[in-house]
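**Student:** My questions all concern the structure below.
The values are calculated or read from the model by the stated rules, or taken from the named source; none is laboratory data. Because the structure is a prediction, the values reported are computed rather than measured. No Cβ is skipped: glycine too gets one built from the backbone with ideal geometry, and neighbour counts run over all protein chains shown.
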There are 4 protein chains.
Amino acid sequence: MFQIDLKSRKAIYEQIVDNFKRLISTGVLKKDEKVPSIREMAKILAVNPNTIQKAYRELENQNYFYTILGQGSFISAPPEFTNVKEIRANYGNLKTIINELMFFGESEEDILEFVRKECANSIKRN
Amino acid sequence: MFQIDLKSRKAIYEQIVDNFKRLISTGVLKKDEKVPSIREMAKILAVNPNTIQKAYRELENQNYFYTILGQGSFISAPPEFTNVKEIRANYGNLKTIINELMFFGESEEDILEFVRKECANSIKRN
Amino acid sequence: MFQIDLKSRKAIYEQIVDNFKRLISTGVLKKDEKVPSIREMAKILAVNPNTIQKAYRELENQNYFYTILGQGSFISAPPEFTNVKEIRANYGNLKTIINELMFFGESEEDILEFVRKECANSIKRN
Amino acid sequence: MFQIDLKSRKAIYEQIVDNFKRLISTGVLKKDEKVPSIREMAKILAVNPNTIQKAYRELENQNYFYTILGQGSFISAPPEFTNVKEIRANYGNLKTIINELMFFGESEEDILEFVRKECANSIKRN
DNA sequence: GTGGTCTAGACCACA
DNA sequence: GTGGTCTAGACCACT
């Protein structure tokens, strides 16, 4: 499914959250699909079940997962109404990244080309 | 200069580092400009001098600052050779952000327009 | 493990860094071996935990250590690709030392003999 | 004569001391040669006279310089009797450097070749 | 004045 | 248990 980097500075539960977000926003995991149980996931990634639980709870809080007691966790539907706060934050980060790339000498053409390609991939998937 | 959010989950010293990086990569702070001394900055931001020092040391390690003992800290020159590792990390983050923006329903046109505008601003500054 | 000289002009944290580097480059400490926790080490050397942390962080920055949050610090694998900058610095220092030894009247034979012996020891260890 | 790197982590007075040691042990500066006065040197290197004074005092203490009041500072004669303590320290450093070079993957042949060349240069000069 | 080091002790997040 | 952050305050070395 994905790999955890124990040596990373990022907390393990955060890595799990980010990986699930990525798989969801890239369409690998579809709406209402069941995700592995906490115990299964703990075995798969070889980390403590408490850590998985923390990640799942976080994903639930952020509306990426929903849980049916006794049945497990599932992927939520994509947000119906635009999440203004999230989008603003993303544009803020986008701005920072572009500034840094330009600062490091990347050309406008290269950056635009990269963005165009990623948008296209994203559209194709959905 | 900038504000620190004491309630943020991000460490204070990291906020300082990120703010300085932003000011440098957006050209607000120029090469060889002196930054406030550790003690001054501590007063300005109302945090402990040790915390400022930690931030300044980090900025020095990442080559955004240089220090002259007994004189203070200064803004480094922009990197002469492209920092491949840093650029790759930025493209990785860029990919994630674009995926999230598309997931939240933003259009390719809007994103490209935003990127184009930021690139233009960046070029104008330099 | 090793001793700290509190009277030395060299900072305590630097002594710790240098000692660990020595133990690693001489093969005493092997890849993935766990080093004492910050608190343990602070007790062993009778210095403040903050000082140990500073040393450990420095060793992490220089890729001699890696850290797993909540588990401790470990010895990194030897560098896969030659660290050109570090090697150059070492050759520079080597030059200085040889000049000084010759200046103090040591013979070429003695110096070469010493170097040969140290190289051999180093090879034997690996 | 030589350049001072203000951005270096090493103190300016230490850089001056080390540079003079280098010039003396490599034979560029000969016995009884006069070195520039403190004021001259301060102008040449564009640093504070106090800093030069500190460096010169240090060189005097370590017997690389001698001073005649009212006439200035001069290069001392090479040590007649071997300075056992200095030599030991140098061999200690030599050991560390060789270990690091081997750790970074340098070959015994390369290191020996480098040492041989430096010894030869040193002999030629004297 | 500047940055650098160190201590003592508190509190937090993660596994 | 682990490392990470932060504060308060002291002392040092360099310019």
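**Student:** Out of A:Lys85, A:Lys31, A:Lys43, A:Lys54, I need the residue that is closer than 18 Å to B:Thr96 by Cα and either out of contact with any Cys (no Cβ under 6 Å at 6 or more places or on another chain) or within 16 Å of DNA strand E (Cβ to nearest atom) (or both). Which one? Can you show your working first?
**Tutor:** On the way: A:Lys31 fails: closer than 18 Å to B:Thr96 by Cα; A:Lys43 fails: closer than 18 Å to B:Thr96 by Cα; A:Lys54 fails: closer than 18 Å to B:Thr96 by Cα.
Residue meeting the stated conditions: A:Lys85.
**Student:** Taking the criterion of being surrounded by fewer than 17 Cβ atoms within 10 Å (Cβ to Cβ), outside any helix (DSSP H, G or I) and within 9 Å of another protein chain (Cβ to nearest Cβ), would at least one residue in the range A:56-78 satisfy it?
**Tutor:** yes
**Student:** Then there is this: From the set of residues in the range A:98-125 that are at the interface with chain B (Cβ under 8 Å from one of its Cβ atoms) and surrounded by fewer than 17 Cβ atoms within 10 Å (Cβ to Cβ), which is nearest to B:Arg116 (Cα to Cα)?
**Tutor:** Of everything passing the filter in the range A:98-125, A:Leu112 is nearest to B:Arg116 (Cα to Cα).
**Student:** Would you check if C:Lys95 is surrounded by 14 or more Cβ atoms within 10 Å (Cβ to Cβ), at the interface with another protein chain (Cβ under 8 Å from one of its Cβ atoms), under 15 Å from the mean Cα position of the chain (by Cα) and outside any loop (DSSP other than H, G, I, E, B)?
**Tutor:** Judged against the criteria, C:Lys95 is not a match.
**Student:** Out of the residues in the range B:1-14 that are within 13 Å of chain A (Cβ to nearest Cβ) and either part of a helix (DSSP H, G or I) or of a type in the set (D, E, K, R) (or both), which is nearest to DNA strand E (Cβ to nearest atom)?
**Tutor:** Restricting to residues being within 13 Å of chain A (Cβ to nearest Cβ) and either part of a helix (DSSP H, G or I) or of a type in the set (D, E, K, R) (or both), the top hit is B:Arg9.
**Student:** Continuing with the same structure: Whether any residue in the range D:8-24 is of a type outside the set (Lys, Arg), touching a helix residue (DSSP H, G or I) at 6+ places or on another chain (Cβ under 9 Å), within 28 Å of C:Tyr91 (Cβ to Cβ) and away from DNA strand F (no atom under 16 Å from the Cβ) is what I want to check.
**Tutor:** Yes, some residue in the range D:8-24 is of a type outside the set (Lys, Arg), touching a helix residue (DSSP H, G or I) at 6+ places or on another chain (Cβ under 9 Å), within 28 Å of C:Tyr91 (Cβ to Cβ) and away from DNA strand F (no atom under 16 Å from the Cβ).
**Student:** I've got another one for you. Just to be sure, is C:Leu69 modelled with pLDDT under 95, among the aliphatic types (A, V, I, L, M) and within 14 Å of DNA strand E (Cβ to nearest atom)?
**Tutor:** Numbers: modelled with pLDDT under 95: yes; among the aliphatic types (A, V, I, L, M): yes; within 14 Å of DNA strand E (Cβ to nearest atom): yes.
It is true that C:Leu69 is modelled with pLDDT under 95, among the aliphatic types (A, V, I, L, M) and within 14 Å of DNA strand E (Cβ to nearest atom).
**Student:** Read through the list (1) within 12 Å of DNA strand E (Cβ to nearest atom); (2) surrounded by 14 or more Cβ atoms within 10 Å (Cβ to Cβ); (3) farther than 23 Å from A:Lys10 by Cα, then give the number of the only condition that B:Ile24 fails.
**Tutor:** The number of the failed condition is (1).
**Student:** May I ask you to say which residue of B:Ala42, B:Ala46, B:Ala11, B:Ala55 is farther than 25 Å from C:Arg57 by Cα and at pLDDT 95 or above? Steps first, answer last, please.
**Tutor:** Values: B:Ala42 fails: farther than 25 Å from C:Arg57 by Cα; B:Ala11 fails: farther than 25 Å from C:Arg57 by Cα; B:Ala55 fails: farther than 25 Å from C:Arg57 by Cα.
Answer to the selection: B:Ala46.
**Student:** Go through the range D:98-126 and report how many residues are assigned to a loop (DSSP other than H, G, I, E, B) and over 29 Å from C:Ser76 (Cβ atoms).
**Tutor:** Final tally of qualifying residues: 1.
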